[in-house]
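Down below is the structure, laid out as structure tokens.
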Amino acid sequence: MARVPLLQLSDISLTFGGDPVFDDLSLVVQPGDRVALVGRNGSGKSTLMKVMGGLVEPDRGEVVPGPGVNVGYMEQDPDMTGFSTLGDFAIHGLEPSDLYKVERAGEGLKFDPARPVETASGGERRRAALARLMAEAPDLMLLDEPTNHLDIEAIAWLEAELKATRAGFVLISHDRAFLRELTRATLWIDRGNVRRQEKGFAAFEAWRDTVWEEEDTARHKLNRKIKAEARWAVEGISARRKRNMGRVRALQDLRSERAAQITRQGTAAMALDAGPKSGRKVLEANDISKSYDGNTILAPFSLKVQRGDRIAFVGPNGVGKTTLLKMLIGEVAPDSGTVSHGTNLERAVFDQTRSKLDPDASLWDSLTGDPDMRVSGKADQVMVRGTPKHVVGYLKEFLFDEAQARAPVRSLSGGEKARLLLAKIMARSSNLLVLDEPTNDLDVETLDLLQDLLGQYDGTVLLVSHDRDFLDRVAVTTIAMEGDGKATVYAGGWSDYQSQRGCITSTESVETQKKTTPSGAKSKQAPKSGLSFTERHRLDALPAEIERLEVEMSKLQELLSDPDLYTREPVKFRKATEALAERQNRLDAAEEEWLRLEEKAEA
């Protein structure tokens, strides 16, 4: 007997600002489905989820829940207007017999029901909304970034609850370990198209790379065909005009097909400049401690940080990770003990609260108003690692379009705000990176690139994160803060820390952990393909670069084939000869690089 779908979308079309977000989209969510919804920042993931939840009306098409199916939606910014406390919001609409479910979810997610809504942080509001959804226990749960602002213990609790539920769910998250463990199917939004694969997120990256490789191969073949047809048109059309107009129209159709193709969004052109080397000793803490209102945040603790260390701080929310980090870098004074810093330190800080971003300022003003980025006498330029760049050009490197340059920061998505903050701290050289929850809201591709950059960075990294996958890939040392002021130093990343303390609290399977942390790997783990993320994209880009160089050389050779050029225009002949030699060298280098990367990928 056929199953009745939980939700069915038929021929959905939606347009914002003149550009279609979706067109003729159809999909079905079946009972028991556990679906990862993935895509680049700004691709429309949250919009699609709101369409599925009935919060956004499509321009065309139907959204039909199954008979008697209850659909619950947890949004990133819940509206709590009219509620005095988080608890009032969380229990709204529930039967008295179900109130205990909110208390239970509150304990697992660590939110205080008595907290007034007006003083609650964004993270506390999200936890209350998640507790409410878990207590409602709908037939289909739509979860938009549920792990943001959760510590690892709360993520593990939520993971276990979702594993045990019989409800279907669709899940947006940047936490790859969370997605790998929970999902059995993947919806991928890519340039307005929604593809589905009946495999969980663990298989997504290989699927994505295969689709893109096939797309690049098809585009390469199309370009070669257009090139061949265009050469025919130039060389022979005048003699055969009447017989071959069909072929001319076919060439026009090929060019129209290429023009209609939507180019993939590239990765942000992020780069880190370690600048001058710091001293071998970056900082040293001796018996530092801290208490607030009689509560011990940190008992006497000592630590020595050497140049090149990658140190992660982990523990529950509120345990004091950020406070310890600020004591180490000198922003907060310890109650006792001392912190000494090494020589020649240049620090860059990524703040999880993004306090350095003025929500009312434009993106343009956020960059030009930064004293470290200002270029004297140039209102439209910023200093990027010692080189002046146009503001819009630099914003484009971080995937912002020109229209966003004058938009206020508050209009940005969470991922876009994170990219803007990265643009600010990456504009200056640094040899000490302080990253407090840098992974929130970033898409998979940007996370991969950030991990590669940190692996290649010559400076020192201090990192606070709840992303287990990110910790495993980056950290060489983990400092665990587990309450009562205790901080313990462990070698390795998250999985190493869990193994050493003899208790795996994460609900990840052993097989998943082995895939996440290959044997012997530390901070610079090799990607599955044998190539780093940057190398993979370089390999993808090389065929187009080689073809462009071949076209330029062909034009130069055609110019130099003129026997009278040397006597008629000797300067032009000399410049063309030099340009041809220069492009030949670049072509040889590109072909060698392509061959090397192909061999590495195959190995």
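The values are calculated or read from the model by the stated rules, or taken from the named source; none is laboratory data. Predicted model, so just to flag it, every value in this text is computed and none were measured. No Cβ is skipped: glycine too gets one built from the backbone with ideal geometry, and neighbour counts run over all protein chains shown.
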For this session: Please go through segment 377-429 and pick out each residue that is among the hydroxyl-bearing types (Ser, Thr, Tyr) and either closer than 19 Å to Thr446 by Cβ or part of a strand (DSSP E or B) (or both).
Result: Thr387, Tyr394, Ser413
Exercise. Looking at segment 443-502, which of its residues are within 20 Å of the chain's Cα centre (by Cα), farther than 25 Å from Met327 by Cα and polar (S, T, N, Q)?
Worked result: Thr446, Gln451, Gln456
For this session: Filter segment 211-224 down to residues that are loosely packed, with under 13 Cβ neighbours inside 10 Å and farther than 18 Å from Arg538 by Cβ and give me whichever is modelled with the highest pLDDT.
Result: Glu214
Problem set entry | Selection within segment 354-385 - in contact (Cβ under 8 Å) with a residue 60 or more places away in the chain and either surrounded by fewer than 16 Cβ atoms within 10 Å (Cβ to Cβ) or hydrophobic (A, V, I, L, M, F, W, C) (or both) | Lys356, Leu357, Leu367, Arg385
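Going by the conditions given, is Asp98 in contact with a helix residue (DSSP H, G or I) (Cβ under 8 Å, 6 or more places away or on another chain) and modelled with pLDDT under 90?
So Asp98 fits the description; yes.
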Problem set entry | Residue among Leu462, Leu420, Leu453, Leu447 that is aliphatic (A, V, I, L, M) and crowded, with 22+ Cβ neighbours inside 10 Å | Leu462
Exercise. Taking segment 110-126 as the search range and keeping residues that are within 29 Å of the chain's Cα centre (by Cα) and charged (D, E, K, R), which one is surrounded by the most Cβ atoms within 10 Å (Cβ to Cβ)?
Worked result: Arg126
For this session: Answer yes or no: is there a residue in segment 3-11 that is within 30 Å of Phe398 (Cβ to Cβ), assigned by TED's automatic domain parsing to the domain that holds Asp79 and in contact (Cβ under 8 Å) with a residue 12 or more places away in the chain.
Result: no
Problem set entry | In segment 268-320, the residues that are under 23 Å from Gly386 (Cα atoms), modelled with pLDDT of 85 or more and exposed (fewer than 15 other Cβ atoms within 10 Å of the Cβ) | Lys277, Gly279
Seminar exercise, completed: Only one of Leu142, Leu171 is in contact with a Gly (Cβ under 9 Å, 6 or more places away or on another chain) and assigned by TED's automatic domain parsing to the domain that holds Asp77, namely Leu142
Exercise. List pairs: first in segment 14-26 and at pLDDT 85 or above, second surrounded by 15 or more Cβ atoms within 10 Å (Cβ to Cβ) and of a type in the set (Phe, Trp, Tyr), Cβ under 6 Å, 6+ apart or cross-chain?
Worked result: Leu14/Phe22
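Yes/no matrix, rows are residues, columns are (1) over 24 Å from Pro438 (Cα atoms); (2) of a type in the set (A, V, I, L, M):
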site	(1), (2)
Met134	yes, yes
Leu143	no, yes
Ile152	no, yes
Ala167	yes, yes
Leu171	no, yes
Arg180	no, no
Thr186	yes, no
Ile189	no, yes
Thr217	yes, no
Problem set entry | Lone qualifier among Val409, Val444 - being without any contact (Cβ under 8 Å) to a residue 60 or more places away in the chain, touching a helix residue (DSSP H, G or I) at 6+ places or on another chain (Cβ under 8 Å), of a type in the set (A, V, I, L, M, F, W, C) and over 27 Å from Pro276 (Cα atoms) | Val409
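This table checks each residue for (1) touching a Ser or Thr at 6+ places or on another chain (Cβ under 7 Å); (2) within 17 Å of Arg191 (Cα to Cα); (3) among the charged types (D, E, K, R).
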position	(1), (2), (3)
Leu25	no, yes, no
Val28	no, no, no
Ser46	no, yes, no
Gly53	no, no, no
Pro58	yes, no, no
For this session: Answer with yes or no whether Pro5 is assigned to a loop (DSSP other than H, G, I, E, B) and not small (Gly, Ala, Ser).
Result: yes
Exercise. Of all residues in segment 543-565, how many are free of Cβ contacts under 8 Å to residues at least 12 places away in the same chain and acidic (Asp, Glu)?
Worked result: 3
Problem set entry | Scan of segment 284-325 for residues that are assigned to a loop (DSSP other than H, G, I, E, B) and under 26 Å from Asp273 (Cα atoms), ordered by number | Arg307, Gly308, Asp309
